[in-house]
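Notes for the one structure printed next.
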Amino acid sequence: MPRAIITGGAGFLGSHLSERLLKEGFEVLVLDNLLTGAVCNIEHLLENDAFSFVKYDVTEYVHVPGPVDVILHFASPASPRDYLEYPIQTLKVGSLGTHKCLGLAKEKGARFLLASTSEVYGDPLIHPQREDYWGNVNPVGPRGVYDEAKRFAEAMVMAYHRFHGVATRIVRIFNTYGPRMRLDDGRALPTFMSQALRGEDVTVYGDGGQTRSFTYVDDLVDGIFRLLNSDVVEPVNIGNPVEMTILEFAQKVIEITGSGSKLVFEPLPEDDPKVRQPDITRARELLKWEPKVNLAQGLDTTLRYFQKKLEKN
Ligand code: NAD
Ligand code: UDP
């Protein structure tokens, strides 16, 4: 049985990846310090003998006995609200955490996959974003702690590949949504959906004219699995290219929840990217990957999860 380590595996994406790797016949060890994740995301996996969880901060030296075949480094606050609340932890997990996990990959001869982000493109001046665009990031702005940590992480991954010959993969993840997002993580989808379900005002930042392209989690996980199994070392965008304004997205969420909530407009956070849309030519050509879940289907599944969560609260 191949063995995988998933850092950040008790978070939103890491928990879905854990499920997928277990299904694919992997033994899975999750290392997570529960900074922004929660055991409830992986509780259902704990009875599986092939799954284990250790509460651990991967910015510290990581020692794991026994063979390891793949390491997926997903540990990091991911929502702007979270990384503004934990700026130093965000910088540390992207830099020191990536270094420790790469060291482990080298030691074990394991394949290493980094969860990078569309934020490496910053507030992009090229649209849609291709992987060969170097980005427009403000290093000293509030989002710099996340963007620069991920850019450093990518550089570190390439150095371990070039200098130590580690088999590395880099996925640049675009806004992904689905069940197990924290209701209060501050990202657009959980915020809009929980506001709409509670009948509260739905808070659109700025005039809502900024755009994003939303990917359903199952599509993302499928792209990551294909990348892991490929020999593609250069970064690959994984995201759904269907772009919309945040105002349209908020209206869509209100509509799907059947809520009577009103829209209210609040100031746009500093350095909030004005546009974002992945160019997925590379993923299409090299991984034969395409997103399959449309927004209505993805929102519907997510809505059922949020309804249950709110009933329990
Ligand atoms: P999340 O906050 O749900 O999960 C992150 C997990 O990392 C949490 O469980 C947290 O406790 C853990 N963690 C943080 N610091 C740690 C540390 N030092 N040691 C061990 N564990 C630590 O966020 P997510 O949306 O699941 O994002 C997962 C990864 O994907 C992140 O690296 C993020 O940057 C990347 N990403 C996500 C998106 C998205 O749309 N969800 C987009 C781009 C990139
Ligand atoms: N946003 C919003 N209202 C909210 C939360 C977010 O209008 O309550 C906007 C935010 O300003 C950004 C977009 O929605 O333009 C996506 O935000 P999110 O935090 O989900 O992710 P980002 O793409 O900015 O990292």
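Being of a type outside the set (Lys, Arg), in contact with an Asp or Glu (Cβ under 9 Å, 6 or more places away or on another chain), closer than 28 Å to VAL166 by Cα and within 16 Å of ligand 1 (Cβ to nearest atom): is that true of GLY109 here? Answer is no for this residue. Number of residues in the range 84-116 that are among the aliphatic types (A, V, I, L, M), part of a helix (DSSP H, G or I) and within 16 Å of ALA149 (Cα to Cα) equals 6.
Quick grid of which residues meet (1) more than 13 Å from ligand 2 (Cβ to nearest atom); (2) within 23 Å of SER194 (Cβ to Cβ); (3) touching a residue at least 60 places away in the same chain (Cβ under 8 Å); (4) surrounded by 13 or more Cβ atoms within 10 Å (Cβ to Cβ):
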residue: LEU263; (1), (2), (3), (4): no, yes, yes, yes
residue: ARG276; (1), (2), (3), (4): no, yes, yes, yes
residue: ILE280; (1), (2), (3), (4): yes, no, no, yes
residue: TRP289; (1), (2), (3), (4): yes, no, yes, yes
residue: ASP300; (1), (2), (3), (4): yes, yes, no, no
residue: PHE306; (1), (2), (3), (4): yes, yes, yes, yes
residue: LEU310; (1), (2), (3), (4): yes, yes, yes, yes
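More than 8 Å from ligand 1 (Cβ to nearest atom) and without any contact (Cβ under 8 Å) to a residue 60 or more places away in the chain: does that describe ILE88? So ILE88 passes the test.
Counting just the residues of the range 192-234 that are in a strand (DSSP E or B) and in contact with a Lys or Arg (Cβ under 9 Å, 6 or more places away or on another chain), which one comes out farthest from ligand 2 (Cβ to nearest atom)? Taking the candidates together, the pick is TYR216.
Those residues that are closer than 30 Å to ASP222 by Cα and assigned to a loop (DSSP other than H, G, I, E, B), I need them from the range 257-276; list them, please.
Step one: filter the range 257-276 for residues closer than 30 Å to ASP222 by Cα, giving 257, 272-276.
Listed by number, the residues that qualify are ASP272, PRO273, LYS274, VAL275, ARG276.
So is VAL242 of a type outside the set (D, E, K, R) and surrounded by fewer than 15 Cβ atoms within 10 Å (Cβ to Cβ) or not? Against the criterion (of a type outside the set (D, E, K, R) and surrounded by fewer than 15 Cβ atoms within 10 Å (Cβ to Cβ)), VAL242 qualifies. State whether one or more residues within the range 235-256 are within 16 Å of ligand 1 (Cβ to nearest atom), touching a strand residue (DSSP E or B) at 6+ places or on another chain (Cβ under 9 Å), among the acidic types (Asp, Glu) and assigned to a helix (DSSP H, G or I). Within the range 235-256, not a single residue is within 16 Å of ligand 1 (Cβ to nearest atom), touching a strand residue (DSSP E or B) at 6+ places or on another chain (Cβ under 9 Å), among the acidic types (Asp, Glu) and assigned to a helix (DSSP H, G or I).
Could you run through the range 230-265 and say how many residues are under 15 Å from SER213 (Cβ atoms) and of a type in the set (D, E, K, R)? Of the residues in that region, 3 qualify. Of the strands (runs of 3 or more DSSP E) entirely within the range 1-82, those holding at least 2 residues that are within 7 Å of ligand 1 (Cβ to nearest atom) occupy 27-32.
Scoring ARG172 on the criteria (1) surrounded by 17 or more Cβ atoms within 10 Å (Cβ to Cβ); (2) away from ligand 1 (no atom under 14 Å from the Cβ); (3) assigned to a strand (DSSP E or B) leaves a single failure, condition (2).
Among what's in the range 69-91 and is closer than 30 Å to GLY25 by Cβ and in contact with a Pro (Cβ under 9 Å, 6 or more places away or on another chain), pick the residue that is surrounded by the most Cβ atoms within 10 Å (Cβ to Cβ). Break it down into steps so the answer makes sense when it comes.
Looking only at the range 69-91, we keep the residues that are closer than 30 Å to GLY25 by Cβ, and these are 69-76, 78.
Pick out the ones that are also in contact with a Pro (Cβ under 9 Å, 6 or more places away or on another chain) and you get 69-70.
Details: ASP69: 15, VAL70: 22.
Result: VAL70.
Every test in (1) assigned to a loop (DSSP other than H, G, I, E, B); (2) within 20 Å of the chain's Cα centre (by Cα) is passed by ARG282 save one, and that test is (1). In this structure, ARG180 qualifies as among the basic types (Lys, Arg), touching a Phe, Trp or Tyr at 6+ places or on another chain (Cβ under 6 Å) and modelled with pLDDT of 95 or more. If you check ASP184, ASP231, ASP218, ASP201 for being within 15 Å of ligand 1 (Cβ to nearest atom), over 15 Å from the mean Cα position of the chain (by Cα) and not hydrophobic (A, V, I, L, M, F, W, C), only one passes: ASP184.
Look at (1) at positive phi; (2) out of contact with any Asp or Glu (no Cβ under 8 Å at 6 or more places or on another chain) and you find that GLY122 fails only one, number (2).
The values are calculated or read from the model by the stated rules, or taken from the named source; none is laboratory data. Just so it is clear, the model here is predicted, and its values are computed rather than measured. A quick note on method: Cβ atoms are made from the backbone with ideal geometry, for glycine too, and the neighbour counts reach across all protein chains shown.
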